[in-house]
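*Asks:* This is the structure I want to talk about, given as structure tokens.
Computed from the coordinates by the stated procedures, all read-outs in this text should not be read as laboratory data. Computed from a predicted model, the values in this text were never measured in an experiment. Every residue, glycine as well, gets a Cβ built from its backbone with ideal geometry; the counts of neighbours run over all protein chains shown.
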Amino acid sequence: MTSAAKTSDEMTSREACVARDLVDPLGTFRDRFVIPEGVIYLDGNSLGPMPRAAAGMLNHTIEQEWGQDLIRSWNSARWFDMPLQLGDRVGALIGAAPGQTLVCDTTSINLYKAIHAAIGLRPDRDVVVAEDESFPTDLYVIEGAMKSADRPMKRQLIGTDGPSIEALINRNVAVAVLSHVNYRTGELLDMAAITQQLHDAGALVVWDLCHSIGVVEIDFDRHGVDFAVGCTYKYLNGGPGSPAFISVAKKHQAAARHPLSGWWGHAAPFAFDRDFRPAVGIKRFLCGTQPIISMRGVQAALDAMEGVEVAALRQKSLALTDLFMVRLSALIPGLDLVTPREASLRGSQVGISFDKGFAVVQAMIERGVIGDFRAPDLMRFGFAPLYVRFEDVWDAAEILAECIKAEVWRDPRYNRKLEVT
């Protein structure tokens, strides 16, 4: 029996959950975040809450560094170094040694850079492998990167062109672009095994870590990962639209090239040369001027995670998700949980397929439990160990069951779809 399953077996009442929260070694971290009174927040897999220290840090950046120190802050406040400074801190969360990670741009832009660079490192190959259940942006960016390559490229999708990655790996594959955790089902892929399979075939890999960084143990260096990208506004809590990150293995940095050759990636940006000369190392993957105020949001978020090990986050994450699934199965037998029950196969979210799911999620939000919905029928709930309590999980399961049993979808107000679901 896993520790997560053991924990859920012990918590057979709300009182037991409250007692477990009182001895939770991560319990005090909740105070580092702003959680509105009466809200159970299970949407950290879309947007994490605000770190309590963020407002003060952002105000200082705006009022003092920008307002008073003006352009001098590029040096005095070390604005110019922030992509590298924050990058190394993010790199530590994914097991990447310093000098391999940047916080910059958006996930989509960084993914484009990484795919384009990987294609260039395998000039004799013409296939990009991805999953047909990838987050749509990943598939769109792959299309764009293929079109901008120096030769015709083909895309093959796991689930459409073959049942598994093993079925598609061959000597024509240049790179595979894979989601560490599936954004719909929460399924966790075996990074070590898949990376090794691709390398054995001479291919490279780009891992999308958007739904795993901050809740799943990742070992970029030990597993020999080539490229990784991800966002900072989900489980890292950097704020809406906060800058993303890109990691490039040192062994590829000298030869890797990407098409967005902006001045921040120049070897001497303030020499103002007419021709581009890439910087040495990871800095060549920078492009243009970075959003400093948003970067401070990432800094505040990383500060809020100081003092916690990812292994502890993972252990609690599995216990939270296991408790939620066990309670739902008891309350509503037959409910279609699409997330793997086996701990080693899931990230930190639970997906539920239900044809009236949109209305149920809206009714739950009205009752103080915030999750989200993904068309056509998926209710998603993310479990962020830094601030979600076991009593929250118990209550959320009860409220979800109440909404289904009450058939809330018969109320028209719960069926009004907004632009963002």
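*Asks:* Nearest 20 debye, what's the magnitude of the dipole of the stretch 200-285 about its Cα centre given +1 on Lys and Arg Cβ and -1 on Asp and Glu Cβ? Don't skip to the answer; put the middle values down first.
*Replies:* Details: 9 positive and 8 negative charges, 69 e Å.
I would put it at about 340 debye.
*Asks:* Output the antiparallel fraction of DSSP beta bridges having both residues in the chain, as a percent to the nearest 5. It would help to have the intermediate numbers written out before the result.
*Replies:* Numbers: 21 of 41 bridges.
Percentage antiparallel, nearest 5: 50.
*Asks:* Local charge sum around Gly99 (other residues, Cβ-Cβ under 11 Å, Lys/Arg +1, Asp/Glu -1)? Write out the running numbers ahead of the final one.
*Replies:* On the way: positive: Lys250, Lys283; negative: Asp88.
Value of the local net charge: +1.
*Asks:* So how much slack lies between Ala401 and Gln64, counting 0.36 nm per residue of separation and subtracting their Cα-Cα distance, in nm? Present the calculation step by step, with values, prior to reporting the outcome.
*Replies:* Working: separation 337, 0.36 × 337 = 121.32 nm, distance 4.98 nm.
Fully extending the segment from Ala401 to Gln64 adds 116.3 nm.
*Asks:* Over the chain, what is the relative contact order in percent, taking alpha-carbon pairs closer than 8 angstrom and at least six residues apart? It would help to have the intermediate numbers written out before the result.
*Replies:* Values: 798 pairs, mean separation 96.6, N = 421.
Reported as a whole number, the value is 23 percent.
*Asks:* Residue separation times 0.36 nm, minus the C-alpha to C-alpha distance between Ala19 and Asn75: what's the value? Write out the running numbers ahead of the final one.
*Replies:* Values: separation 56, 0.36 × 56 = 20.16 nm, distance 4.96 nm.
Once the chain is fully extended between Ala19 and Asn75, it gains 15.2 nm.
*Asks:* Next question. If you count, for each residue, the other Cβ atoms within 10 Å and average over each peptide, how do 255-267, 375-387, 129-141 line up from highest to lowest?
*Replies:* Details: 255-267: 16.8, 375-387: 22.2, 129-141: 18.6.
Result, highest mean Cβ count within 10 Å first: 375-387, 129-141, 255-267.
*Asks:* To continue, here is another question. Residue farthest toward the positive end of the dipole of the chain, with Cβ of Lys/Arg at +1 and Asp/Glu at -1: which of Trp66, Pro152, Ala301?
*Replies:* Among Trp66, Pro152, Ala301, the one farthest towards the positive end of the dipole of the chain is Pro152.
*Asks:* Report, to the nearest 10°, how far helix 107-121 tilts away from the longest principal axis of the Cα atoms in the chain, using its own Cα long axis and a range of 0 to 90°.
*Replies:* That works out to roughly 50 degrees.
*Asks:* Still on this structure, I have one more. If you take the beta carbon distance between Arg171 and Asp275 as r and set R0 to 51 Å, what does 1/(1 + (r/R0)^6) give as a FRET efficiency, to the nearest 0.05? Don't skip to the end; give the middle numbers.
*Replies:* Numbers: r = 36 Å, r/R0 = 0.71.
After rounding, the FRET efficiency stands at 0.90.
*Asks:* What's the ranking of 96-103, 107-114 by average number of surrounding C-beta atoms within 10 Å, highest first? Intermediate results must be reported in sequence, preceding the final value.
*Replies:* Values: 96-103: 22.6, 107-114: 25.0.
Result, highest mean Cβ count within 10 Å first: 107-114, 96-103.
*Asks:* Continuing with this model, one more query. Which Cα, out of Thr339, Met379, Leu328, lies furthest along the positive dipole direction of the stretch 300-382 (beta carbon charges, K/R +1, D/E -1)?
*Replies:* The residue sitting farthest along the positive end of the dipole is Leu328.
*Asks:* I need the calculated FRET efficiency for the pair Ala55 and Thr28, taking r as the beta carbon distance and R₀ as 22 Å, to the nearest 0.05. Could the numbers behind the result be given before it?
*Replies:* Details: r = 20 Å, r/R0 = 0.91.
Working from the Cβ atoms, E equals 0.65.
*Asks:* Still on this structure: PRE reach from Asp221 (point 7 Å along Cα→Cβ): which of the stretch 97-128 fall under 14 Å by backbone N?
*Replies:* In the stretch 97-128, the label zone of Asp221 (backbone N under 14 Å from the point 7 Å along Cα→Cβ) covers 97-101.
*Asks:* Another question, then. Between Glu37 and Asp161, what is the label-point separation in nm under the 7 Å Cα-to-beta-carbon projection?
*Replies:* 5.6 nm
*Asks:* Can you pick out the pairs among Lys316/Lys405; Lys251/Lys316; Lys113/Lys250; Lys234/Lys417; Lys147/Lys283 whose Cα atoms lie more than 27 Å from each other? Write out the running numbers ahead of the final one.
*Replies:* Working: Lys316/Lys405 29 Å; Lys251/Lys316 35 Å; Lys113/Lys250 16 Å; Lys234/Lys417 23 Å; Lys147/Lys283 25 Å.
Flagged as over cut-off: Lys316/Lys405; Lys251/Lys316.
*Asks:* Can I ask one more? Please compute the length gained on full extension between Asp126 and Ser148, using 0.36 nm multiplied by the number of residues separating them and subtracting their Cα-Cα distance. Intermediate results must be reported in sequence, preceding the final value.
*Replies:* On the way: separation 22, 0.36 × 22 = 7.92 nm, distance 1.28 nm.
Gain on extension, Asp126 to Ser148, equals 6.6 nm.
*Asks:* I've got another one for you. By how many degrees, 0 to 90 and rounded to 10, does the Cα axis of helix 136-147 deviate from the longest principal axis of the chain?
*Replies:* With rounding to tens, the tilt is 20 degrees.
*Asks:* Could I have the simple spin-label model distance between Arg341 and Ile293, label points 7 Å from Cα toward Cβ, reported in nm to one decimal?
*Replies:* In this crude spin-label approximation the distance works out to 5.0 nm.
*Asks:* If you bin the C-alpha pair distances of the chain every 20 Å from 0, what whole percents do you get?
*Replies:* Using 20 Å bins, I get a P(r) of 26, 55, 19, 0 for the chain.
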